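To start, the structure under review is shown below, and the notes come after it.
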Amino acid sequence: MMTSLPFSAMLFAFLAVQLVLALVSSLATDALRSAVQNVDDCPSCLGLLASFQALAIAGDDVFITSFTSLCIGLGAADPDVCTGIIAREGPILAHDLRQINTTGQTAEKLCDALLGMCVTHPVNPFAVPFPKPPPAHPKAFMSRGRAPVRVVHISDVHIDRMYTMGAEANCTKSICCRDFVDSPVTPTVPAGPNGNGHCDSPVTLADSMLREVEKLDPEFSIFTGDVVEGAVWLVDQDEVTMDLAAFNAEMAAKLSAPVFPSLGNHDSAPVNAFARTTSNAANNSQFVYDTQSAGWEQWIKATAASEVRHMSGSYSAKVPGMDLRIIAVNTQFWYKQNFWLYDSDIFQPDPNGVIAFMVDALQAAEDAGDRAWIIGHIPLGKEDTLVDQSNYYDQVLQRYKNTVAGQFFGHSHKDQFEIAYSDYRNQTAENAVSVALIGPALTPTSGNPAFKVYEIDPDTFEVMDASVFFTNISDPTFQISPTWGLFYSARKTYGPLVGLPAKEPLSPAFWHNLTEVFERNNTAFQMFNTFLSRNGAVTACEDDCVNTTICDMRAFRSENNCDTPAPGFSLKRRANRVPSPDSDECEGTGLSHLLSRMVLSVL
């Protein structure tokens with residue numbers, strides 16, 4: 001027969017347990033600080049992971065408490081930011097560390113994601129299987145000279161539904177313009193009604209953009225992801241669900257033409273977290289797929305909506321009245337900052353079968369004689385894309401290059417492009433087989449809010465012109481009512497620089513020839529550099545920066561870009577962003593940001 005303990009005995013036992021946990025956490029924090037102090041290369045980073053692993057084995061509570069204590073103690077971020085980010089993302093990292101060998105390839109990739117170390121490993125060999133060989137006589141898609149159709153490209157809206165007019169716009173966090181727990185009583189820079197360069201988009205700015213898109217009367221629009229705002233230390237599943245559903249409803253209410261959307265890395269909770277089906281955990285992003293399947297069905301129809309729900313957010317849908325298919329892929333399964341990708345030492349070439357889905361969709365398009373556009377969030381040439389999956393994606397592109405008429409991405413927040421070549425060792429106009437056009441962002445954190453407008457040949461579905469429309473946040477009337485207008489036309493601006501014939505599209509060869517112009521004409525390059533941020537947050541770029549930027553234009557595979565920095569520079573680049581708008585730096589504050597600041601603070 002069991003007897004109940006007196007309350008005093010229960011209280012004593014509880015306090016004893018708490019004392020032991022506090023002591024363990026204090027010792028663990030001291031050990032972690034010691035490990036952090038020694039990180040400056042790949043071996044020492046792996047050693048840091050071993051220290052983290054010991055905490056993870058002790059349990060999530062010890063891991064989170066120790067990590068948070070060190071983050072706050074070293075001043076890596078405001079206490080609420082340290083607490084919120086580690087509480088949300090920490091359990092995934094702890095899960096990873098309990099599953100892997102801290103000296104293996106997965107650990108090296110994790111060090112790359114967290115601190116930019118251990119980055120020099122070759123692509124793991126893998127030949128993507130294809131159901132059929134390329135046709136001996138591929139279909140020729142010929143223009144009949146008909147008037148082009150208009151398509152709008154929206155990306156990275158990052159709508160902050162907690163944006164508060166009058167709140168501090170010059171705060172200590174990566175995103176301002178809302179009432180945080182430590183906000184000053186009297187703001188030094190009050191937020192205006194339509195946005196600020198230190199803040200994500202208010203609803204009013206997003207509504208203004210959608211009204212402008214509707215005025216342009218597009219045939220359809222594409223949206224390449226990132227709805228949710230950047231206060232990632234506060235974002236939870238309820239907010240993401242609400243944000244996604246709200247923006248779907250706003251697009252439906254304001255846009256007459258169909259929208260073909262894709263998922264962004266911010267469109268989950270925690271941020272970037274899209275679990276693999278092989279993880280020993282519930283698929284924590286199924287709520288995203290369910291929400292978007294329901295919200296997107298009005299545009300992409302029932303079959304594609306079912307694919308969103310069951311194919312981890314990817315789908316293929318035919319544009320009404322056109323021989324064009326939109327293939328949307330969830331690029332987050334190839335993203336370094338998705339920490340679910342590091343929970344096994346067994347190499348997985350195609351997480352959640354996204355590449356296999358692409359192959360099936362493109363084969364169906366080829367068999368039907370259709371052309372295809374691929375849309376997604378993260379461009380495959382960025383430094384924050386895993387080199388393995390970028391290489392395998394490129395294999396698919398090379399196989400179906402006759403079918404793929406266009407590729408469209410976002411994520412960097414910049415107006416950019418990346419060229420794919422049949423031979424990356426011989427980068428010429430003749431070898432350029434495809435180009436990825438990267439859309440600028442609505443959020444003012446990266447410069448002036450903008451979107452792209454494409455003029456499309458209705459027979460070949462190739463891009464005849466790409467124009468950027470923007471609103472200037474420095475304009476005195478911006479806070480009253482944003483005024484949108486043409487910033488520049490690629491055809492009118494760049495065409496004369498390369499001698500583009502009147503009826504030729506903006507082909508991969510055109511974009512390669514433009515990179516050659518940039519190499520010899522610094523005035524032209526500096527114009528491009530101004531265009532990146534729509535003249536809103538221009539960063540000086542000379543000498544090595546120019547060479548690196550042109551190299552990146554010619555790198556649709558991430559293994560070919562020139563962005564891999566020395567570890568020390570990588571740490572500083574991450575730690576100093578609030579936030580900078582390129583590559584993984586568009587994330588602002590996250591686990592990699594916090595850890596980088598922790599390491600720098602003790603060096």
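The values are calculated or read from the model by the stated rules, or taken from the named source; none is laboratory data. Nothing here was measured: the structure is a model prediction, and the numbers come from that model. Cβ atoms come from the backbone with ideal geometry, glycine included; neighbour counts cover every protein chain shown.
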Against the definition (among the basic types (Lys, Arg), in a loop (DSSP other than H, G, I, E, B) and not assigned by TED's automatic domain parsing to the domain that holds residue 217), how does residue 139 come out, yes or no? yes
When the residues of the range 188-231 are narrowed to those that are among the polar types (S, T, N, Q) and assigned to a loop (DSSP other than H, G, I, E, B), which ends up farthest from residue 154 (Cα to Cα)? 188
Tell me which of these residue 407 doesn't satisfy, since it passes every other one: (1) touching a Gly at 6+ places or on another chain (Cβ under 6 Å); (2) under 21 Å from residue 461 (Cβ atoms). (1)
I'd like to know if the range 107-127 contains one or more residues that are among the hydroxyl-bearing types (Ser, Thr, Tyr) and crowded, with 21+ Cβ neighbours inside 10 Å. no
Give the residue that is farthest from residue 431 (Cα to Cα), with candidates limited to residues of the range 497-537 that are free of Cβ contacts under 8 Å to residues at least 60 places away in the same chain and among the hydroxyl-bearing types (Ser, Thr, Tyr). 530
Log entry, pairs with first residue in the range 83-96 being assigned by TED's automatic domain parsing to the domain that holds residue 284, second being of a type in the set (Asp, Glu) and in a helix (DSSP H, G or I), beta carbons closer than 6 Å, six or more apart or on different chains, reads none
Restrict the check to the range 417-433 and report whether at least one residue is of a type outside the set (Phe, Trp, Tyr) and closer than 20 Å to residue 209 by Cβ. no
Scan (1) in the same structural domain as residue 255 (by TED's automatic domain parsing); (2) within 16 Å of residue 413 (Cα to Cα) for the single condition residue 243 breaks and write down its number. (2)
Considering only residues of the range 538-563 that are outside any loop (DSSP other than H, G, I, E, B) and of a type outside the set (S, T, N, Q), which is surrounded by the fewest Cβ atoms within 10 Å (Cβ to Cβ)? 544
Outside any helix (DSSP H, G or I), polar (S, T, N, Q) and in contact with an Asp or Glu (Cβ under 8 Å, 6 or more places away or on another chain): is that true of residue 256 in this structure? yes
Of the residues that make up the range 502-512, is at least one over 30 Å from residue 547 (Cβ atoms) and among the acidic types (Asp, Glu)? no
Select from the range 375-398 the residues that are under 18 Å from residue 316 (Cα atoms) and touching a Leu at 6+ places or on another chain (Cβ under 8 Å) and list them in ascending order. 377, 393, 396
